[in-house]
Each structure stands twice: as structure tokens, then as C-alpha cells.
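Heads up: the structure comes next, in C-alpha cells.
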Amino acid sequence: MNLLKLLTTFVFPTTTTALKGVVLSALCASLAACAFTPGSGPLSGELVAQSREQSPQAFQFELVDINETTMRTLLSYQAQGFGSKFKKKGWAPRHIVGVGDVVSVVVWERGGDRLFSQAQMGAKTELGPFVVNQQGSISVPYIGKVHAAGKSVDHLQEAIQLALEGQATNPQVIVTLKQNTSSLVNVIGDVRKPGQLPLALRNERLLDVLARAGGSATPASETYVTFVRGETRAKQLLKTVYDREGENVFVRPGDQIIVAHNPQTFTAFGAVQKVGEYPIQAGEVSLIEALGRVGGLSEATADRLGMFVFRYEDPRLVKALKPGANWAGAREVPVVYRLNMKQAESYFLAQQFGVQNKDILYVSTSLGTELTKFARILSTTASVARSSTVISF
């Protein structure tokens with residue numbers, strides 16, 4: 001209230017005491033109605049004051065200046081993706097027979113009195129194919145039921161050969177897994193042929209399985225892949241899987257692959273030319289490119305010290321950016337990046353700073369703009385007060 005009295009004294013130095021009282025009352029009502037001054041968001045100083053370091057009791061977030069040190073940390077950091085959460089080697093043991101699998105049995109015999117054939121020496125006989133039933137067994141002529149589920153191809157081969165000894169002449173058995181239908185992986189979502197796919201006998205990677213599912217039905221830069229193995233789950237942009245070999249992990253039986261179309265966007269508001277939500281169509285958009293898409297800063301109102309990017313970050317990255325930060329147990333940390341556009345180097349830094357999905361780009365208005373609004377309120381209120389005083393006379 002003392003500030004308002006002081007302002008009325010300086011703005012209206014020759015005004016009578018009665019008129020000052022009217023101006024002061026009207027001004028208080030005006031400011032109460034508009035919560036000081038209307039604006040498009042907080043000022044730069046207000047945002048800084050609300051950070052964790054300045055105001056421990058407020059909503060907790062980290063304020064990070066975009067400088068050369070920050071950019072080195074950001075560019076060297078790689079989020080935990082498929083490569084870090086899932087083993088890089090293939091699934092083992094291989095060629096394990098399961099319920100529903102189809103096996104073929106070939107028996108070679110030598111000698112004159114053969115069980116399966118009277119043809120020339122070294123003749124072979126192919127038995128089957130046999131489907132492993134719900135009990136995990138197959139029925140082989142002259143042997144009967146042979147338990148197959150859970151056995152490797154080599155072990156099943158040994159069991160059949162052992163059972164044929166004494167019946168066949170010097171039998172040699174070869175078992176082939178024709179269809180590995182028990183080793184399934186589930187591929188659902190935005191692929192052209194979703195469903196359960198049997199893994200091939202060779203080790204297959206994520207992109208191999210997606211290719212057999214017909215590939216993604218949407219652009220890689222707008223598509224996310226969620227990979228689930230037991231209790232472990234990870235999410236990655238499909239374009240990143242294409243670009244980084246380490247993200248193209250081996251697939252194992254029972255894995256789930258969920259493909260979802262989720263276009264990447266960022267939102268811009270504050271003192272910019274065109275407020276709105278914008279797509280990140282190319283997969284990688286720098287901060288300077290994002291500014292170009294929104295038409296740049298508002299020449300009349302923008303505070304060039306107050307360009308901010310809001311996002312959630314991995315606690316490991318936050319620890320690297322600010323070693324003193326303590327976010328133990330947090331899954332994500334709210335971070336506000338600040339860029340000073342009055343420095344020439346900032347334009348080069350903005351070329352390196354990548355905009356991410358769901359980022360919020362905010363440019364605060366300058367203090368001068370807010371003071372101009374305040375002066376207009378003073379002028380308007382004074383005019384109204386004078387008119388009211390004349391009428392009352």
C-alpha cells in the first residue's frame with residue numbers, strides 16, 4: 001500500500017489530497033481485479049526465484065543455464081534404452097523343444113537286416129513330422145511315446161537313438177526342429193501384421209522381428225517401441241533403434257513388443273510470435289529451429305534473458321548437470337533450462353540444444369513491458385477518478 005501511495009505522489013504530484021484518495025482507491029480495485037498486471041506468464045526473475053535453490057518450500061525443480069559445460073554433458077549423455085536394460089547376447093539354450101513344436105526324425109541304418117528299409121546300404125528313413133502334444137510327448141513308430149518338451153534337439157535325438165537300439169540295425173538318428181511354435185514373441189500395435197510370431201532358430205534381433213511383422217505402419221520418427229521382458233520394461237523411439245546398433249537388442253521367447261504411433265511435439269508460449277503446439281517431424285529439432293517455427297521472439301515484449309525450456313529429465317543426468325542436486329528415489333526430475341539470448345554464443349548453443357517430445361518453450365515478457373502495462377492502468381484509473389470527482393461536485 002505504501003508503494004501505491006508513493007506512485008500516486010510521483011505520478012500525480014499536483015493532485016489534491018481528496019483526488020489522490022479517489023485515485024488510490026480506484027487503483028487498488030483495478031489491481032486487485034487483474035492480479036497486479038495481466039501477463040502471458042511469469043517474469044524471468046520470478047521463475048528464478050521459484051527454483052529449488054532459491055525457494056526450497058516451493059514446487060521443486062532444477063534451474064540449469066545452457067552453456068558450454070551444460071551442452072557437453074547433454075551431448076555425452078545417453079538415456080537408458082534397450083541396450084542397457086536387456087542383455088546383448090541371444091537367448092540360450094537354443095533349439096529347446098516345446099509343446100506345439102513340430103519335429104522331424106530321420107533314421108539311418110546300415111547292415112543287411114534293417115528295421116525301416118530293405119534298400120541299399122546306408123539307406124535312410126524319415127519319420128514324422130511329429131507335433132509335440134499337450135503332454136509334451138511325440139509318438140515314434142516301434143518306440144511309442146517319447147517325452148520331448150523341455151529337451152534340446154540333441155537330447156531328444158539321443159533318447160530316440162537309445163530307444164531304437166536293439167530294434168534297428170546300427171541306427172543313427174537326426175532330429176530336426178521344423179517349426180519352433182513354442183518360442184513365441186508377441187508383437188502388437190501399429191505394425192502391419194500384429195500377432196504372435198515364432199522366433200527363428202537363429203538369434204533374432206528386434207528389427208528382424210518387426211520386419212517379419214510387416215514393419216511399422218507409421219513413420220519411425222513418430223513411433224515408439226515398448227519392449228517388455230518379465231518385469232523389465234523400456235521405451236525407445238523407433239528411429240533411435242534404427243540409428244543406434246546397441247538398441248537393436250536380441251529377442252527371447254515370451255518377449256512383448258508394443259509399437260505405438262505417438263507424434264512428437266513441443267509447445268511454445270509467452271513472448272513469441274506464434275503461440276501453439278508444433279510437430280517435431282524430422283525426429284531431431286534444435287532450439288534455434290524451434291524458434292524459427294514459432295516466428296521468433298516478440299520484438300516488442302520478449303525478455304532476451306528469459307528463454308526457458310521445461311522438461312522432465314533422468315535423475316542421473318541431473319546429477320551430472322548439478323552434482324549437488326539430491327533427487328534420491330525420483331524417477332524423473334523437473335528441469336528448467338535457461339538461455340540468455342543477449343550473448344552471441346547462445347545462438348550457437350541453441351543450434352546444439354535438441355528439443356524433445358513434450359518440451360515446453362517459454363519466453364518471458366520483459367519487465368519494461370509489465371511496467372508499461374502498469375503505467376496504462378495508472379493513467380486510465382486517474383482519468384476515471386477525475387471524472388468521478390467532477391461528477392460528485
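The values are calculated or read from the model by the stated rules, or taken from the named source; none is laboratory data. Treat the numbers as computed from the prediction; the structure is a model and nothing was measured. Using ideal geometry, Cβ is built from the backbone for each residue, glycine included, and neighbour counts are taken over all protein chains shown. Surface areas here come from the heavy atoms of the whole protein model, side chains and all, with no ligands, DNA or RNA. Shrake-Rupley method; radii C 1.70, N 1.55, O 1.52, S 1.80 Å.
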Residue that is modelled with the lowest pLDDT, among those in the stretch 147-168 that are in contact with a Phe, Trp or Tyr (Cβ under 9 Å, 6 or more places away or on another chain) and open to solvent by less than 30 Å² (accessible area, probe 1.4 Å)
A168
Could you list all residues from the stretch 341-367 that are of a type in the set (A, V, I, L, M) and under 13 Å from F269 (Cα atoms)?
I360, L361, V363
Please work out if S221 is modelled with pLDDT under 90 and more than 12 Å from G81 (Cα to Cα).
yes
Give the residues of the stretch 299-324 that are out of contact with any strand residue (DSSP E or B) (no Cβ under 6 Å at 6 or more places or on another chain) and open to solvent by less than 20 Å² (accessible area, probe 1.4 Å), sorted by residue number.
L317
Restricting attention to the stretch 82-101, which residues are at pLDDT 70 or above and loosely packed, with under 15 Cβ neighbours inside 10 Å?
S84, K85, K87
Residue that is modelled with the highest pLDDT, among those in the stretch 339-356 that are in contact with a helix residue (DSSP H, G or I) (Cβ under 8 Å, 6 or more places away or on another chain) and within 19 Å of G45 (Cα to Cα):
L339
Here the qualifying pairs (Cβ atoms under 6 Å; residues six or more apart or on different chains; first in the stretch 268-281 and surrounded by 16 or more Cβ atoms within 10 Å (Cβ to Cβ); second basic (K, R)) come out as Y278/R293
Residues within the stretch 107-135 that are part of a loop (DSSP other than H, G, I, E, B), surrounded by 16 or more Cβ atoms within 10 Å (Cβ to Cβ) and at pLDDT 90 or above, tallied:
1
Top-ranked residue in the stretch 210-236 [being surrounded by 19 or more Cβ atoms within 10 Å (Cβ to Cβ) and among the β-branched types (V, I, T); ranked as nearest to Q78 (Cα to Cα)]
V225
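With the requirement that a residue be under 24 Å from S182 (Cβ atoms) and either part of a loop (DSSP other than H, G, I, E, B) or at pLDDT below 90 (or both), what does the stretch 230-254 give you? It would help to see each step written out before you state the result.
Of the stretch 230-254, the ones under 24 Å from S182 (Cβ atoms) are 230-233, 249-254.
Once the filter is applied, which keeps residues that are under 24 Å from S182 (Cβ atoms) and either part of a loop (DSSP other than H, G, I, E, B) or at pLDDT below 90 (or both), the stretch 230-254 yields G230, E231, V249, V251, R252, P253, G254.
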Could you list all residues from the stretch 242-264 that are more than 16 Å from A213 (Cα to Cα) and of a type in the set (D, E, K, R)?
D243, R244, E245, E247
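Quick grid of which residues meet (1) out of contact with any helix residue (DSSP H, G or I) (no Cβ under 8 Å at 6 or more places or on another chain); (2) within 19 Å of E62 (Cβ to Cβ):
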site	(1), (2)
Y278	no, no
S286	no, no
G292	yes, no
R304	yes, no
V309	no, yes
Y312	yes, yes
P315	yes, yes
K322	yes, yes
N326	yes, yes
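Might you check whether a residue that is surrounded by fewer than 17 Cβ atoms within 10 Å (Cβ to Cβ) and part of a strand (DSSP E or B) occurs anywhere in the stretch 327-339?
At the first step, the residues of the stretch 327-339 found to be surrounded by fewer than 17 Cβ atoms within 10 Å (Cβ to Cβ) are 328-332, 334.
Of the ones still in play, those that are also part of a strand (DSSP E or B) are 334.
Yes: one or more hits.
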Identify, please: which residue in the stretch 147-165 is of a type outside the set (G, A, S) and not in a helix (DSSP H, G or I) and is, among those, nearest to the chain's Cα centre (by Cα)?
K151
